[in-house]
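The values are calculated or read from the model by the stated rules, or taken from the named source; none is laboratory data. A quick note: this is a predicted structure, and the numbers were derived from the prediction, not measured. Because the Cβ atoms are built from the backbone with ideal geometry, glycine has one as well, and the counts that use them run over all protein chains shown.
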Amino acid sequence: MIIGITGSVGSGKTTIAKLFSRHWYSRIDADEIGHNLIKKNSKAYGKIVREFGNGILGKNSNIDRKKLGEIVFNDIKKLKKLNSIMHPLIINEIKNNIRKIKQECGNRAKIIIDAPLLLETKAKNLVDKVIVVKCSRENILKRSRKFTRRQIERILKAQMPLNEKLKYADFVIDNNKDSGHLEKQVKIIIQQLNKK
């Protein structure tokens, strides 16, 4: 069983995916894969530097994700260009991870893929069920430590709107309350999945 979890930036996808991993789900984190793919000497590094220039480099010639983010979240064409470089590599890596997990755990392996762009990419073809995390704009802005308010607004604008994502959902998790409420919802979904 492969579950895909998605939602808007800062909605709590990773927190929820980690809750699933407490219930014997192997977690694949698309963001983490993306970060590894832009490291120096990685598959995407050269392509990204050629496309966006040396201005995106920081210490030790590593790609500075903040500098890159400033460029792509201000220009939809540049964001599409970055996605066209990154998405096929990320999906390929997700497939490799699924293969490894299935080799270790067999075909009955339980996997959760934490992917912000699950529905915008071919990654949705890899999953059996989709969970969409719902979170109010105020809560996203209040809880976010990774991005500034301005950056979040831009990222939200670039992502598929939540009401569109909800059309693909097999399950919806509401992350507008406390962690206890979150855990209850995860347990209910796991119970329903175990029945199938």
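Can you find even one residue in the range 101-123 that is in contact (Cβ under 8 Å) with a residue 60 or more places away in the chain, small (Gly, Ala, Ser) and crowded, with 18+ Cβ neighbours inside 10 Å? Yes: one or more hits. With respect to (1) surrounded by fewer than 17 Cβ atoms within 10 Å (Cβ to Cβ); (2) in a helix (DSSP H, G or I); (3) touching a residue at least 12 places away in the same chain (Cβ under 8 Å), the lone exception for residue 146 is condition (2).
Out of all the residues in the range 28-46, which are assigned to a loop (DSSP other than H, G, I, E, B) and out of contact with any strand residue (DSSP E or B) (no Cβ under 6 Å at 6 or more places or on another chain)? First the steps, then the outcome.
Filtering the range 28-46 for residues assigned to a loop (DSSP other than H, G, I, E, B) gives 38-44.
Selection gives 39, 40, 41, 42, 43, 44.
When the residues of the range 79-91 are filtered to those that are without any contact (Cβ under 8 Å) to a residue 60 or more places away in the chain and among the aliphatic types (A, V, I, L, M), which remaining residue is nearest to residue 119 (Cα to Cα)?
Applying the first criterion (without any contact (Cβ under 8 Å) to a residue 60 or more places away in the chain) to the range 79-91 yields 80-89, 91.
From what is left, the residues that are among the aliphatic types (A, V, I, L, M) are 82, 85-86, 89, 91.
Numbers: 82: 17, 85: 17, 86: 15, 89: 16, 91: 12 Å.
Top of the filtered list is 91.
Taking residue 188 as the residue in question, decide whether it is within 30 Å of residue 98 (Cα to Cα), at pLDDT 85 or above, among the β-branched types (Val, Ile, Thr) and part of a strand (DSSP E or B). Here the answer is no, as residue 188 does not meet what is asked. Taking first residues from the range 31-52 that are over 11 Å from residue 63 (Cβ atoms) and partners that are of a type in the set (Ser, Thr, Tyr) and surrounded by 13 or more Cβ atoms within 10 Å (Cβ to Cβ), the Cβ contacts under 8 Å between residues at least 6 apart in sequence or on separate chains come to 31/14; 36/42.
Being under 14 Å from the mean Cα position of the chain (by Cα), charged (D, E, K, R) and surrounded by fewer than 19 Cβ atoms within 10 Å (Cβ to Cβ) narrows it down to one of 31, 64, so name that one. I'd like the intermediate steps shown before the answer.
Numbers: 64 fails: under 14 Å from the mean Cα position of the chain (by Cα).
Only one candidate qualifies: 31.
Residues checked against (1) in a helix (DSSP H, G or I); (2) at pLDDT 95 or above; (3) closer than 25 Å to residue 175 by Cβ:
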residue	(1), (2), (3)
100	yes, yes, no
109	no, no, no
113	no, yes, yes
119	no, no, yes
123	yes, no, yes
130	no, yes, yes
133	no, yes, yes
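What do you reckon, is residue 185 in contact with a strand residue (DSSP E or B) (Cβ under 8 Å, 6 or more places away or on another chain), at negative phi and of a type in the set (S, T, N, Q)? The answer is yes for residue 185.
For the range 92-100, check the following and say yes or no: at least one residue is in contact (Cβ under 8 Å) with a residue 40 or more places away in the chain and either surrounded by 19 or more Cβ atoms within 10 Å (Cβ to Cβ) or of a type in the set (A, V, I, L, M, F, W, C) (or both).
Looking only at the range 92-100, we keep the residues that are in contact (Cβ under 8 Å) with a residue 40 or more places away in the chain, and these are 93-94, 97-98.
Narrowing further to those that are either surrounded by 19 or more Cβ atoms within 10 Å (Cβ to Cβ) or of a type in the set (A, V, I, L, M, F, W, C) (or both): 94, 98.
Yes, because at least one residue in the range 92-100 is in contact (Cβ under 8 Å) with a residue 40 or more places away in the chain and either surrounded by 19 or more Cβ atoms within 10 Å (Cβ to Cβ) or of a type in the set (A, V, I, L, M, F, W, C) (or both).
Kindly provide the set of residues from the range 1-26 that are among the charged types (D, E, K, R) and surrounded by fewer than 19 Cβ atoms within 10 Å (Cβ to Cβ), ordered by number.
Looking only at the range 1-26, we keep the residues that are among the charged types (D, E, K, R), and these are 13, 18, 22.
The answer is 18, 22.
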